[in-house]
Amino acid sequence: MVDFKFVRKSRIGFLLIHGLSGTPMELRYVAQRLEREGHTVYCPLLDGHSGGTKTLGASRWQDWYASVERAHEKLRAVCETVIVGGISAGGILSLILAARRPDQVSGLVLYAPTLRHDGWAIPRPFSLFKLITQRWLARAFHFPDCEPYGIKDERVRKLAVAAIHNGTDGAQPMIGFPGTTVLEFRWLAREARRVMGQVRAPALIIHPRHDDFSNLRGALLIQQRLSSRVETLVLDDSYHMVTIDRQRDLVVNRTLGFVAALQSATPASELDELPLLA
């Protein structure tokens with residue numbers, strides 16, 4: 001799945017990051033709605049996510065983060081104001097970006113941000129993996145996808161699972177998580193905990209109460225530790241993939257309300273359209 005690239009609509013841009021073993025398809029609905037409202041939206045494909053599960057397992061969290069920084073530079077080249085965010089681990093990557101570049105990120109949107117794999121559908125043996133601390137040993141593990149795959153809406157779930165297993169979104173299919181990826185994610189989350197107090201941008205957190213993948217307490221921890229104004233919305237009829245699940249329209253509407261509040265503080269002027277991001 002190639003990056004989603006939209007024509008520049010205004011000086012406000014959204015950089016939206018997908019989750020681990022995912023693609024920008026996870027954010028397509030939100031991205032297209034934001035674009036229709038006149039915002040510039042960029043959804044890059046993270047490094048390590050274009051060659052299937054084996055390639056993902058060979059990548060490191062620094063590789064994922066480096067691709068976020070490159071995407072941020074591209075968007076800043078055409079937008080004066082940049083709001084960053086993402087789904088699951090994509091939200092954690094955007095949080096680190098906001099902490100490291102406090103003067104270059106104007107807002108933060110976190111969709112089901114994940115600091116730990118501790119949702120109700122995560123198998124109990126998964127918790128034992130915390131004893132693994134070396135990549136060479138982590139290579140011996142592979143964690144399969146678990147139903148309901150982060151999606152409460154059965155129709156959407158069937159479509160999403162078919163796309164993942166058949167590779168119909170244009171990417172090599174990625175089934176489950178290599179042990180090395182889970183270990184790198186743990187180190188990514190550790191870095192997020194270390195720097196999140198440095199975030200100064202206003203933040204919007206949207207997290208499902210009954211998340212099958214990541215417990216709500218992780219989002220509440222982020223809310224407590226950010227050094228900025230935080231709005232939190234808890235969803236009662238969605239699972240982990242809030243950007244495509246039953247309450248996706250509520251997710252978009254709350255996001256639009258968040259950016260409108262930012263615009264009211266700094267009025268935005270519409271600019272002429274420019275070519276697609278390269």
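The values are calculated or read from the model by the stated rules, or taken from the named source; none is laboratory data. Keep in mind it's a predicted model, so treat the numbers as computed, not measured. Here Cβ is always computed from backbone atoms with ideal geometry, including for glycine, and neighbour counts include all displayed protein chains.
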Report summary line: Filtering the stretch 152-168 for residues that are surrounded by 16 or more Cβ atoms within 10 Å (Cβ to Cβ), at pLDDT below 80 and farther than 20 Å from Gly57 by Cβ leaves a count of 1
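For the stretch 193-234, what are the residues that are in contact with a His (Cβ under 7 Å, 6 or more places away or on another chain) and either within 23 Å of Gln32 (Cβ to Cβ) or outside any helix (DSSP H, G or I) (or both)? I'd like the intermediate steps shown before the answer.
Keep residues of the stretch 193-234 that are in contact with a His (Cβ under 7 Å, 6 or more places away or on another chain), which gives 208, 211-214, 216, 219, 234.
Those that are in contact with a His (Cβ under 7 Å, 6 or more places away or on another chain) and either within 23 Å of Gln32 (Cβ to Cβ) or outside any helix (DSSP H, G or I) (or both): Pro208, Asp211, Asp212, Phe213, Ser214, Val234.
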Requested in this report: Give the stretch 213-243 a look and list any residue that's more than 18 Å from Ala201 (Cβ to Cβ) and in contact with a helix residue (DSSP H, G or I) (Cβ under 6 Å, 6 or more places away or on another chain), or say none.
Outcome: Val242, Thr243
Query raised in the report: So, in the stretch 33-43, of the ones that are surrounded by 15 or more Cβ atoms within 10 Å (Cβ to Cβ) and free of Cβ contacts under 8 Å to residues at least 60 places away in the same chain, which residue ends up nearest to the chain's Cα centre (by Cα)?
Result: Cys43
Report summary line: When every residue in the stretch 107-151 that is β-branched (Val, Ile, Thr) and in a loop (DSSP other than H, G, I, E, B) is compared, the one surrounded by the fewest Cβ atoms within 10 Å (Cβ to Cβ) is Thr133
Query raised in the report: All but one of (1) more than 29 Å from Thr180 (Cβ to Cβ); (2) among the charged types (D, E, K, R); (3) buried (at least 19 other Cβ atoms within 10 Å of the Cβ) hold for Arg76; which doesn't?
Result: (3)
Report task. Taking the residues in the stretch 44-68 that are under 14 Å from the mean Cα position of the chain (by Cα) and more than 22 Å from Asp145 (Cβ to Cβ) as candidates, determine which candidate is surrounded by the most Cβ atoms within 10 Å (Cβ to Cβ). Result -> Pro44
**Report entry** 3 or more residues in contact with a Ser or Thr (Cβ under 9 Å, 6 or more places away or on another chain) and closer than 30 Å to His142 by Cα: qualifying helices (runs of 4 or more DSSP H) within the stretch 3-90
**Finding:** 53-58
